[in-house]
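Shown next, in structure tokens, is the structure this report addresses.
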Number of protein chains: 4
Amino acid sequence: MKTLNVGLIGQGFMGKAHSNAYCQVGHFFDSGYRIRQKVICGRNAESLAKIANTWGWEETATDWRAVVERSDIDAVDVAVPNALHAEISIAAAQAGKMVLCEKPLAASLDQALRMAEAVRGRPNLVWFNYRRVPAIAFTRRLVDEDRIGRVFHYRARYLQEWGNDPTRPPGWKLDKATAGSGVLGDLLSHLVDTALYLNGPIAEVSALMHTFAENRDVDDATLLLARFANGSIGTFEATRYAVGVRNGNIFEMHGQRGMARFNLEDLNRLEYFDATDPRNLQGARNLLVTGPDHPYWSNFWKPAHIIGYEHTFIATLGDFLASLDSGSEFHASFEDGVAVHRVLDAAERSARQPSWVAVK
Amino acid sequence: MKTLNVGLIGQGFMGKAHSNAYCQVGHFFDSGYRIRQKVICGRNAESLAKIANTWGWEETATDWRAVVERSDIDAVDVAVPNALHAEISIAAAQAGKMVLCEKPLAASLDQALRMAEAVRGRPNLVWFNYRRVPAIAFTRRLVDEDRIGRVFHYRARYLQEWGNDPTRPPGWKLDKATAGSGVLGDLLSHLVDTALYLNGPIAEVSALMHTFAENRDVDDATLLLARFANGSIGTFEATRYAVGVRNGNIFEMHGQRGMARFNLEDLNRLEYFDATDPRNLQGARNLLVTGPDHPYWSNFWKPAHIIGYEHTFIATLGDFLASLDSGSEFHASFEDGVAVHRVLDAAERSARQPSWVAVK
Amino acid sequence: MKTLNVGLIGQGFMGKAHSNAYCQVGHFFDSGYRIRQKVICGRNAESLAKIANTWGWEETATDWRAVVERSDIDAVDVAVPNALHAEISIAAAQAGKMVLCEKPLAASLDQALRMAEAVRGRPNLVWFNYRRVPAIAFTRRLVDEDRIGRVFHYRARYLQEWGNDPTRPPGWKLDKATAGSGVLGDLLSHLVDTALYLNGPIAEVSALMHTFAENRDVDDATLLLARFANGSIGTFEATRYAVGVRNGNIFEMHGQRGMARFNLEDLNRLEYFDATDPRNLQGARNLLVTGPDHPYWSNFWKPAHIIGYEHTFIATLGDFLASLDSGSEFHASFEDGVAVHRVLDAAERSARQPSWVAVK
Amino acid sequence: MKTLNVGLIGQGFMGKAHSNAYCQVGHFFDSGYRIRQKVICGRNAESLAKIANTWGWEETATDWRAVVERSDIDAVDVAVPNALHAEISIAAAQAGKMVLCEKPLAASLDQALRMAEAVRGRPNLVWFNYRRVPAIAFTRRLVDEDRIGRVFHYRARYLQEWGNDPTRPPGWKLDKATAGSGVLGDLLSHLVDTALYLNGPIAEVSALMHTFAENRDVDDATLLLARFANGSIGTFEATRYAVGVRNGNIFEMHGQRGMARFNLEDLNRLEYFDATDPRNLQGARNLLVTGPDHPYWSNFWKPAHIIGYEHTFIATLGDFLASLDSGSEFHASFEDGVAVHRVLDAAERSARQPSWVAVK
């Protein structure tokens, strides 16, 4: 059993989600690695001590530069606001560490490219955790097994509503300098990563970026039309103003042989339509993706005992450790993060023109 | 093209539903018969004239005895409160008419038996219209094709809520002398007819009949446990106190090879689960039962152009005319109505005991 | 009781749907008018006789020019392929008739403008029948009552799958010369009409039009981003390649005070979210729009006895007759049809550029 | 911070679920207690070592009698087959320990009564974990706030299908000597506990117990009609032969002021109908019970970030520790477990008669 010594930079919501993954991964994934939670680093020393105590971090630190230089750390996990991802990740890579970085990879395509360059040759991970939703991983398998067939349409939307909540404190996600963008990086990045994972490269896009709130410098909503390299066409919609929807991360794929439909609010379910069924028996099947021959079913509980949001982080980490152990390739890597940023960058350019632009 | 001269007894809600069927059947069903709406009979002469004018009845009448004796009438349709079904139907049969009677066939098993005796040898129909819901007819086909397999469980409920509505005028359905019973005849009869149609005879039952309202002499809710002759077991629940449900007529069948689930509020849909699918692709299929190779699809509109409540009456009548033309057997007949009453009667006896009783 | 003498041009699917409306309107709508089905006109004399006989048309004709000139006709109903709408409607108007025209109003914006000019001052109707879906009419009421509030997002899609069905005979809808366009006029027109009805004018659009099939000269799919005049933003998607969906005409509106969501496959339902509910009791409400205080509930059956596709035509005609009787304004008029074509025209121009273009 | 030294008896599926709760409770619940996982006890020494290592148990043991006598243990957790619950729990209580026991509390009412007697005066818990499903706890709050009102109907079913799976190894749950009963104790106990929690005592029942499989000595399905003390009537159905349903633990309550409906397969959701809404805006609300002012929302993740099966154990333990700390009463206690057994016992007696029997 090897040990992976981890330093976590960040003490916010993602710090908590990642901490949970470090605590839980050994309970459900049987990799060759044991996690050692060496140090958690944040700027609020008082709350940091409590977090470290709660989640089992051995030490706390307030200077991330010191952390990434520590010789007793194997992996640095970057869970701070987007604008800081590049600097910390690159420093960590240069210090010889594996790097695990929260999504979106960066605040710009340029940063993302430099980050991917920096980590080349070292294990790296971008926390596009939804790739490990069993239903999404299973959709990928349906694609690979040609159960969707030639794809015609891909449709995705990430619907949240808190942008419209006047009682909510602003926070860094509404500040362009810290977040880099609004829903573009926060929500559209998830949609695009899943789309690239399931439906392959996007060739060109036409985008609309819109801010509903006054005096806000980030996009509250971004809409996208897209042409995929495989000939299918797509629509994307990311918004914080979808009143009535709490956390709807939805995709729908229509192919010649089948359809798949997913909503994160029903994380354990997938709708699947088999167009090769007898015509009068065709209907969207409501699959509970929690049983034998479903991804990750053997890791967690019994069939039909549902899992939640946090398990996607645990499974991401479990797969990462397995790839370390076996030397096999891991996705989502920084390169996958770059691919997302290429699309986001094209969207931003398109929204400025406004016209169609190619994804570079 | 033969002509069927019809006399309708009744001017209430069912009178309207049947009138619509007579007007519409020729538009959608190509039988050898043309309907002639000779006379509508009711006790409120003023409103009757308006109804006759609206729905195209040639004449009105207020004395049903005179109507059933008319030599220019081929068929008598009985759409009056339950307590009158027997007398009118028997008189019509004795006058040599075909008889079409609204459900429940009678106000008691004894009446039902006498009615069935009276119509023997003549075309007859009891308006258990839900047999012609495409989804229900299709479920029967699934059973016949062995897609459900050996049945383990049958579960049915008819949920309405108006019993609890203090603003609603009482009406004859809340009067035992006129209605014969409460939900037993009104709602449970539908559930039982569908169950017998789909799952075969019921051997024995244990029932609970309950009245929530004060000073009401009919059952507001009737619950039933049942053993079917085929070895499956069932639950039935009929109520007018299911606050939150408008008109939920629901059944679920679980068999060794599949499941079917239906709700009248989603009349055009059927959920079907194929237990012979590969395990990881099994899920309840949401079928829109409105397309090629579905019952009645060719009669009405294009695939996926949905139909409503009234179409079940039109289709019942269409099938009845086709059976007249071809001489083939028609269901639901008075004998089917009797079969329902045998179960209702057993339920009443069981509720009085209280214990399990055999269906005779 | 006045009589409206109708001549119907067209014997296809829409001819049947309109015929049904003429037969049924008097049963459910109490206007001051009685319909007289004078003549049905079509080019296939043999099948026409059968249709006329089935649906009660007094005469048949094969020359529409003769029909529109008949002095005993008050209203001409145009239910032929799109490319013929303009010529027939204009001739009918010039002959002094009321004109009822199937949607889309025309094969081009230019035609539509000329048609609207021709009917000025006469009663006219374009069969955007979905305005009379109770759930859609009810959504309009929610908007008027400020239950949706300031709108942020409007999202619509019309999903069909038959474009991908190789067994289906081509038909006129796949021929540009006859249909004018593919899904643009066939499906997107419905979405746009509903959007204009519920959310007001569209200021500008960016469109993608795509044909999946080889050797087909109409659009199989059209996608649209849109900016509405009220500041909301929208996405539209119309396609015949949405494998897995039979007839999904869907819209979703998110406003500051509420959300509404509809799918034609569940015609009797509307999802409504009230953002002014206590936070922990907020959820999309599944409304069965078939009861007291819902549009058209008093016309058809009892509460929760569902209606179907055909009832939208009956209600459209019922409202039209009522407007004739009262002299009040009717929607959807040819002007409403023109408004749709302005958006479709902008979409076509945008798709050619490709860039954003203003709706003129 | 006090320490609670725990000994866990059992190494099966429940051993894993409980172990996870001990690992996780401190991450999400801020009680005055720290858990120390002293010892896990099981009969398979080899696999036990691995489990202990994975889940952080300090020691292993194979003799439960030695464990319950250890002076360094504060609490004994009993997670073994039902037939052993009584003996171990009573021994632990007599040794002065707190006792936490898996459900059903016992293999018979008599055992349950003796267990409750034994733990009197000591903290005790029966793992009816579903009481801590946020949606169920929230339903209880709706009841307490009079949002359901006078209850008319309570309807519950626990649907599983594995009884029909011929590939599944039998296991102890199919052996009467070890399990005590089939679905009665396994599934119906959950339904009854939830019903008692939400709707109060049951006065009398009529039951049907059935075994579909040959050569099996436990009930595969148990059906129940029930009269509650509050005047409402109920149906219960527990089965392992509901082909098509993986793990459907469902209840529906209809009251004068509202309805609640839940399905464990959609653990994060609750349907709630408010009968005091304006009539035309009434509809079942689809609540995502994961936000502000929902039970346990502040313990886990952000609003709308869903939780899973395991969280119900964590929350049960969290509440138990809080009750230890504050000295307040905890539910579900052994007394609650006894209340469930009174109903199960009445069901068994009724099924034997067969007739209605009173719950003692």
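One residue stands out among those in the range D:28-38 that are aromatic (Phe, Trp, Tyr) and open to solvent by 20 Å² or more (accessible area, probe 1.4 Å): the one that is nearest to the other protein chains (Cβ to nearest Cβ), which is D:29.
Within the option set C:343, C:357, C:338, being in contact (Cβ under 8 Å) with a residue 12 or more places away in the chain, within 30 Å of residue C:210 (Cα to Cα) and crowded, with 24+ Cβ neighbours inside 10 Å holds for one residue only, C:343.
Among A:54, A:60, which is the only one that is more than 18 Å from the chain's Cα centre (by Cα), of a type outside the set (Phe, Trp, Tyr), over 25 Å from residue A:325 (Cβ atoms) and crowded, with 17+ Cβ neighbours inside 10 Å?
Answer to the selection: A:60.
Taking the range B:278-299 as the range and being closer than 18 Å to residue D:265 by Cβ and either surrounded by 22 or more Cβ atoms within 10 Å (Cβ to Cβ) or not basic (Lys, Arg) (or both) as the test, the residues that pass are B:280, B:281, B:282, B:283, B:284, B:285, B:286. Do the conditions hold for residue D:333, that is, is it surrounded by fewer than 24 Cβ atoms within 10 Å (Cβ to Cβ), among the small types (Gly, Ala, Ser) and closer than 20 Å to residue D:4 by Cα? Taking the combined requirement at face value, the residue satisfies it. Tell me, yes or no, whether the range B:118-131 has at least one residue that is under 30 Å from residue B:188 (Cα atoms), out of contact with any strand residue (DSSP E or B) (no Cβ under 8 Å at 6 or more places or on another chain), in contact (Cβ under 8 Å) with a residue 60 or more places away in the chain and open to solvent by less than 10 Å² (accessible area, probe 1.4 Å). Yes; the residues of the range B:118-131 include at least one that is under 30 Å from residue B:188 (Cα atoms), out of contact with any strand residue (DSSP E or B) (no Cβ under 8 Å at 6 or more places or on another chain), in contact (Cβ under 8 Å) with a residue 60 or more places away in the chain and open to solvent by less than 10 Å² (accessible area, probe 1.4 Å). Selection of the range A:178-224 for residues being buried (at least 23 other Cβ atoms within 10 Å of the Cβ) and of a type in the set (Val, Ile, Thr) yields A:183, A:192, A:194, A:202, A:205, A:218, A:222.
Before we move on, is residue C:192 in contact (Cβ under 8 Å) with a residue 40 or more places away in the chain, in a helix (DSSP H, G or I) and out of contact with any Lys or Arg (no Cβ under 8 Å at 6 or more places or on another chain)? Yes; evaluated as a whole, the condition is true for this residue. Candidates A:47, A:71, A:31, A:108: the one that is among the polar types (S, T, N, Q) and under 20 Å from residue A:320 (Cβ atoms) is A:31. Taking the range D:300-319 as the range and being open to solvent by 20 Å² or more (accessible area, probe 1.4 Å) and touching a Gly at 6+ places or on another chain (Cβ under 7 Å) as the test, only D:303 passes. Looking across the range A:76-102, the residues that are within 16 Å of residue A:189 (Cα to Cα) and not hydrophobic (A, V, I, L, M, F, W, C) come down to A:81, A:82, A:85, A:102. Can you name every residue in the range A:292-313 that is aliphatic (A, V, I, L, M) and out of contact with any Lys or Arg (no Cβ under 7 Å at 6 or more places or on another chain)? Listed by number, the residues that qualify are A:306, A:307.
With respect to the conditions (1) over 11 Å from residue B:10 (Cβ atoms); (2) touching a residue at least 24 places away in the same chain (Cβ under 8 Å), residue B:101 lacks only one, and its number is (1). When the range A:201-225 is limited to residues that are among the acidic types (Asp, Glu) and more than 17 Å from residue A:107 (Cα to Cα), the one that is farthest from the other protein chains (Cβ to nearest Cβ) turns out to be A:214. Taking the criterion of being small (Gly, Ala, Ser) and over 21 Å from residue D:238 (Cα atoms), the residues of the range D:113-155 that qualify are D:116, D:118, D:121, D:137, D:149.
The set of residues from the range B:257-304 being farther than 24 Å from residue A:145 by Cβ, in contact with a strand residue (DSSP E or B) (Cβ under 6 Å, 6 or more places away or on another chain) and acidic (Asp, Glu) comprises B:265, B:271.
Comparison of A:67, A:126, A:78 shows that the only residue that is aliphatic (A, V, I, L, M), farther than 26 Å from residue A:196 by Cα and in contact with a Cys (Cβ under 7 Å, 6 or more places away or on another chain) is A:67. Residue C:41 meets the stated requirement of being open to solvent by less than 20 Å² (accessible area, probe 1.4 Å) and not aliphatic (A, V, I, L, M). Could you tell me how many of the residues in the range B:147-172 are buried (at least 20 other Cβ atoms within 10 Å of the Cβ) and either among the acidic types (Asp, Glu) or part of a helix (DSSP H, G or I) (or both)? Residues that pass the stated criteria total 3. Before we move on, is residue B:75 in contact (Cβ under 8 Å) with a residue 60 or more places away in the chain and within 11 Å of another protein chain (Cβ to nearest Cβ)? Here the answer is no, as residue B:75 does not meet what is asked. Out of C:99, C:25, one residue alone is closer than 28 Å to residue B:300 by Cα, open to solvent by less than 40 Å² (accessible area, probe 1.4 Å), in a helix (DSSP H, G or I) and hydrophobic (A, V, I, L, M, F, W, C). It is C:25. For the range C:1-19, the criterion of being assigned to a loop (DSSP other than H, G, I, E, B) and over 20 Å from the mean Cα position of the chain (by Cα) is satisfied by at least one residue.
Under the condition of being outside any helix (DSSP H, G or I) and surrounded by fewer than 20 Cβ atoms within 10 Å (Cβ to Cβ), the residues counted in the range B:132-146 number 2.
The values are calculated or read from the model by the stated rules, or taken from the named source; none is laboratory data. Here the structure is a predicted model, which is why all the values come from computation and not from measurement. Reconstructed Cβ throughout: ideal geometry from the backbone, glycine too, with neighbour counts over all protein chains shown. Keep in mind that these areas ignore ligands, DNA and RNA; they rest on the heavy atoms of the full protein, side chains included. Shrake-Rupley method; radii C 1.70, N 1.55, O 1.52, S 1.80 Å.
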